[in-house]
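Okay, structure first, notes after.
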Amino acid sequence: MLDPVARAAPDPVAFLLLDRFSMMAFTSAIEPLRVANRAAGRELYRWQILSLDGQPVQASNGLAVLADGKLPEHHAFSSLVVVASFEPERHVVGSTLARLRRLARFGVAMGALDTGVWPLAAAGLLDGYRATLHWEAAPGFATAFPAVELTARLYEIDRDRFTSAGGTSPFDMMLHLIGRRHGDTLAKAVTEQLVSGSGRAGDLPQRPRIGARLGVRDGRLGRVLDAIEQDPAAGWPLPVLARQAGLSVRGLTGLFRRETGQSPHRFLLDLRLRQARDQLLGTDRTVREVALDCGFASLEHFSRSFHRRFGTSPSALRRR
């Protein structure tokens, strides 16, 4: 039996779905609320689905979700959760931002899943707050919104703002919020009903370190790879990297080849190109902006290198 909780009106939550939103992120957030109601034996949470125009919204997997209404001028809920995925910049329009600001002035807590942070940040509602979003979109977001304290964590809860990286991380965030509001016993009951392990802590990183992802065994190279991944646009001369590893240039080059199968130069180029591809697919930044952000001195060099690596041009990838 669950420990008794104080009787109170259900928490009203609204989910604003943006075109091509992440279905995984959405269901990971809403299902814990549903199960919390079932486990508690009463309605702790009540939700509604909103779209910008009140019409059905298509997720990135092609499935459409019916909306209960459109984003209102006035609030009838305590929390609003914006759910997005691809090209969130398309929804940064004046009327939407004005409504978000108005709801925040009414005291509505603002949340976001995946790239749903983008319109909140464009409305100025995340300035001075910690926030997170999917790692693919992080470089472009950090450049566009320097006033937001961006992290690479699974989720962030900062005062009346709550954001998650997308994927399954909204489950962990909602589980934490349920436990904070109604107790750990209920949160554990939710995980049991959903056949899930206990929720992950919000301060966990979204991805393992690059060395772990690549199966690198040597800790010296792991430290070098971490530095490169954090700022691939930096010049990273071989002597600088060698000093970080405590090796000679020749020793570091040999270590790179043994552990990654590539020279340091080839590894860094490949990392920059993969990050550029992620930005081209995940943001609407121009090809030139992406090239400069990923450390390419000229658009021509970027385009040639990109075509050799992926078999298509950056602009063709963007169109596709």
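The values are calculated or read from the model by the stated rules, or taken from the named source; none is laboratory data. Since this is a predicted model, take the numbers as computed values, not measurements. Note: ideal-geometry Cβ built from the backbone for every residue, glycine included; neighbour counts use all protein chains shown. Quick note on the areas: whole protein, heavy atoms, side chains included, nothing else; ligands and nucleic acids left out. Shrake-Rupley method; radii C 1.70, N 1.55, O 1.52, S 1.80 Å.
Give the residue, chosen from 36, 76, 14, that is out of contact with any helix residue (DSSP H, G or I) (no Cβ under 8 Å at 6 or more places or on another chain) and within 25 Å of residue 194 (Cα to Cα). 14 is the lone residue from the list that is out of contact with any helix residue (DSSP H, G or I) (no Cβ under 8 Å at 6 or more places or on another chain) and within 25 Å of residue 194 (Cα to Cα). For beta carbons closer than 8 Å, sequence separation of 6+ or different chains, a first residue in the stretch 108-128 that is over 24 Å from residue 11 (Cα atoms) and a second that is of a type in the set (D, E, K, R) and open to solvent by less than 10 Å² (accessible area, probe 1.4 Å), there are no qualifying pairs.
Among the residues of the stretch 183-205, which ones are part of a helix (DSSP H, G or I) and within 16 Å of residue 31 (Cβ to Cβ)? Show your work before the answer.
Narrowing the stretch 183-205 to residues part of a helix (DSSP H, G or I): 184-193.
Once the filter is applied, which keeps residues that are part of a helix (DSSP H, G or I) and within 16 Å of residue 31 (Cβ to Cβ), the stretch 183-205 yields 186, 187, 188, 189, 190, 191, 192, 193.
Scanning the stretch 307-320 for residues that are in contact (Cβ under 8 Å) with a residue 12 or more places away in the chain and closer than 27 Å to residue 145 by Cα, we see that the one that is least open to solvent (accessible area, probe 1.4 Å) is 314.
Answer yes or no as to whether residue 64 is over 27 Å from residue 101 (Cβ atoms), open to solvent by 20 Å² or more (accessible area, probe 1.4 Å), aliphatic (A, V, I, L, M) and at pLDDT 95 or above. It is true that residue 64 is over 27 Å from residue 101 (Cβ atoms), open to solvent by 20 Å² or more (accessible area, probe 1.4 Å), aliphatic (A, V, I, L, M) and at pLDDT 95 or above.
Restricting attention to the stretch 277-288 and to residues that are open to solvent by 50 Å² or more (accessible area, probe 1.4 Å) and closer than 18 Å to residue 135 by Cα, the residue that is modelled with the lowest pLDDT turns out to be 284. For residue 163, indicate whether it is within 26 Å of residue 275 (Cα to Cα), polar (S, T, N, Q), open to solvent by 10 Å² or more (accessible area, probe 1.4 Å) and out of contact with any His (no Cβ under 6 Å at 6 or more places or on another chain). Answer is no for this residue. When you look at residue 257, is it farther than 29 Å from residue 137 by Cα, without any contact (Cβ under 8 Å) to a residue 40 or more places away in the chain and open to solvent by 70 Å² or more (accessible area, probe 1.4 Å), yes or no? The answer is yes for residue 257.
Open to solvent by less than 30 Å² (accessible area, probe 1.4 Å), over 23 Å from residue 142 (Cβ atoms) and out of contact with any strand residue (DSSP E or B) (no Cβ under 9 Å at 6 or more places or on another chain), is that true of residue 242? Working first, answer last.
Working: open to solvent by less than 30 Å² (accessible area, probe 1.4 Å): yes; over 23 Å from residue 142 (Cβ atoms): yes; out of contact with any strand residue (DSSP E or B) (no Cβ under 9 Å at 6 or more places or on another chain): yes.
It is true that residue 242 is open to solvent by less than 30 Å² (accessible area, probe 1.4 Å), over 23 Å from residue 142 (Cβ atoms) and out of contact with any strand residue (DSSP E or B) (no Cβ under 9 Å at 6 or more places or on another chain).
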